[in-house]
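Peer 1: Before I ask anything, here is the structure I am working with.
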Amino acid sequence: MNLADLNKVALAMVTPGKGILAADESSGTIKKRFDAIKVESTEENRRDYREMLFRSTEAMSKYVSGVILYDETIWQNGKDGTPLVKLIEQSGAIPGIKVDEGTQGLPQCPGELVTVGLDKLAERLKKYYERGARFAKWRAVIDIGAGIPTMAAINVNAHALARYAALCQAAQIVPIVEPEVLMDGDHDIDRCYDVTQRVLNKTFQELRVQRVELEGMVLKPNMAISGKKCAKQASAEEVAEKTVRLLKACVPAAVPGIAFLSGGQSDEDATAHLNAMNRIGGLPWRLTFSYGRALQAAPQKAWSGRPENIAAGQRAFTHRARMNALASKGEWETGLEKKVA
């Protein structure tokens, strides 16, 4: 393992003014997104849609540092035969790959899940590296509800995240470590804060036990945020203040950067929260975005599966990427949303 090279990639992933496009929706998830815009989820349509994003020259070259791909996508070629990974590389962004294989119910823990996919991961990582992937992603899912999360769910998911991260570094791939505390539910921001603190503390304890080099990883956490069904929604300022306090308490300064997930927030909320955090400033790590839906909902709608809408889809993508790029420097404001690119 060459830690200097891993650190270089990790720092490039969190370049100021750029963030990560999460285009790694599973076949089931992208089908739901396509159903909403009345597009059939065929392999060709999925490819055309993602190729449209990767060919958005302005967005990709100016505002995107890396792209997380799904297994299907990393092996696909564009319409003209160019591998999609090459399109990403040509734009100056780094190709990455989602390597977990989804979740299963956790035995003895009703309502809780564990992420699977460690079995043949070492061999898979070698192939992904050869194809051009320089970072990977593994998502652990922690739900908040009556009597959950249990310590068992937190422990088993933190252990798997650290195993995955160690395997990635051995394969010379930067791991994105993603412990996601879900925002579904009616819990308030303080309950989210407490659960996320437990999850992050346990995750970093496991990373140390399994000798993961913190300088060669990127953290992808949720923000401290009110549950979607909570009657009292915290303001952007409160989300920023509590999330920054939480990170300072749990995340070692050796980690090069933190790329937040949007986790079901609206496009504008995800941008506003990131912006408010960067306005606080004086942080040991770079804070940026690794958004899926919050970057893609607008371009998906604009495109709607029609070749004649490709330019409109790319404009919508460039606009959202630019808004989040500004937020990653604390330079976004609501008025800019009206000036669509």
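Peer 1: With the requirement that a residue be of a type in the set (S, T, N, Q) and surrounded by 15 or more Cβ atoms within 10 Å (Cβ to Cβ), what does region 50-97 give you? Before you say what the answer is, go through the steps one by one.
Peer 2: Step one: of region 50-97, the residues of a type in the set (S, T, N, Q) are 56-57, 61, 65, 73, 76-77, 82, 90-91.
Ser56, Ser65, Thr73, Gln76, Ser91 - these are the residues of region 50-97 that are of a type in the set (S, T, N, Q) and surrounded by 15 or more Cβ atoms within 10 Å (Cβ to Cβ).
Peer 1: Additional query: Does Asp100 qualify as being on the phi < 0 side of the Ramachandran plot, in contact with a strand residue (DSSP E or B) (Cβ under 8 Å, 6 or more places away or on another chain), in a loop (DSSP other than H, G, I, E, B) and open to solvent by 10 Å² or more (accessible area, probe 1.4 Å)?
Peer 2: Numbers: on the phi < 0 side of the Ramachandran plot: yes; in contact with a strand residue (DSSP E or B) (Cβ under 8 Å, 6 or more places away or on another chain): yes; in a loop (DSSP other than H, G, I, E, B): yes; open to solvent by 10 Å² or more (accessible area, probe 1.4 Å): yes.
Yes: the conditions hold for Asp100.
Peer 1: Something else: Any idea which of (1) over 18 Å from the mean Cα position of the chain (by Cα); (2) of a type outside the set (S, T, N, Q); (3) surrounded by 24 or more Cβ atoms within 10 Å (Cβ to Cβ) is the one Ala276 doesn't satisfy?
Peer 2: (3)
Peer 1: Taking the condition of being over 17 Å from the mean Cα position of the chain (by Cα) and in a loop (DSSP other than H, G, I, E, B), how many residues in region 207-227 meet it?
Peer 2: Counting residues in region 207-227 that are over 17 Å from the mean Cα position of the chain (by Cα) and in a loop (DSSP other than H, G, I, E, B) gives 6.
Peer 1: Looking at region 186-205, which of the residues that are open to solvent by 70 Å² or more (accessible area, probe 1.4 Å) and among the basic types (Lys, Arg) is nearest to Ala165 (Cα to Cα)?
Peer 2: Out of the qualifying residues, it is Arg198.
Here's the yes/no breakdown for (1) β-branched (Val, Ile, Thr); (2) under 20 Å from Gln314 (Cβ atoms); (3) part of a loop (DSSP other than H, G, I, E, B):
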site: Ala12; (1), (2), (3): no, no, no
site: Thr15; (1), (2), (3): yes, no, yes
site: Glu25; (1), (2), (3): no, yes, yes
site: Phe34; (1), (2), (3): no, yes, no
site: Glu40; (1), (2), (3): no, no, yes
site: Met60; (1), (2), (3): no, yes, no
site: Val85; (1), (2), (3): yes, yes, no
site: Gln108; (1), (2), (3): no, no, yes
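Peer 1: Just need a number here: residues in region 306-341 that are among the hydrophobic types (A, V, I, L, M, F, W, C), surrounded by fewer than 18 Cβ atoms within 10 Å (Cβ to Cβ) and at pLDDT 95 or above. Don't jump to the end; show me each part of the working.
Peer 2: Filtering region 306-341 down to residues among the hydrophobic types (A, V, I, L, M, F, W, C) leaves 310-312, 316-317, 321, 323, 325-327, 332, 336, 340-341.
Now drop any that are not surrounded by fewer than 18 Cβ atoms within 10 Å (Cβ to Cβ), which leaves 311-312, 336, 340-341.
Next, from what is left, pick out any that are at pLDDT 95 or above: 311-312.
Adding up the residues that qualify gives 2.
Peer 1: Name the one entry in Ala166, Ala162 that is open to solvent by 10 Å² or more (accessible area, probe 1.4 Å) and part of a helix (DSSP H, G or I). Show your work before the answer.
Peer 2: Details: Ala162 fails: open to solvent by 10 Å² or more (accessible area, probe 1.4 Å).
The conditions single out Ala166.
Peer 1: Scan region 161-172 and report the pairs whose first residue is more than 15 Å from Leu214 (Cβ to Cβ) and whose second residue is open to solvent by 40 Å² or more (accessible area, probe 1.4 Å) and modelled with pLDDT under 95, with Cβ atoms within less than 9 Å and a gap of 6+ or a chain change.
Peer 2: Ala170/Met1; Ala171/Met1; Gln172/Met1
The values are calculated or read from the model by the stated rules, or taken from the named source; none is laboratory data. On a predicted model such as this, the values are computed, not experimentally measured, just so you know. We place every Cβ from the backbone using ideal geometry, glycine too, and count neighbours over all the protein chains shown. Surface accessibility is based on the protein's heavy atoms, side chains included, excluding ligands, DNA and RNA. Shrake-Rupley method; radii C 1.70, N 1.55, O 1.52, S 1.80 Å.
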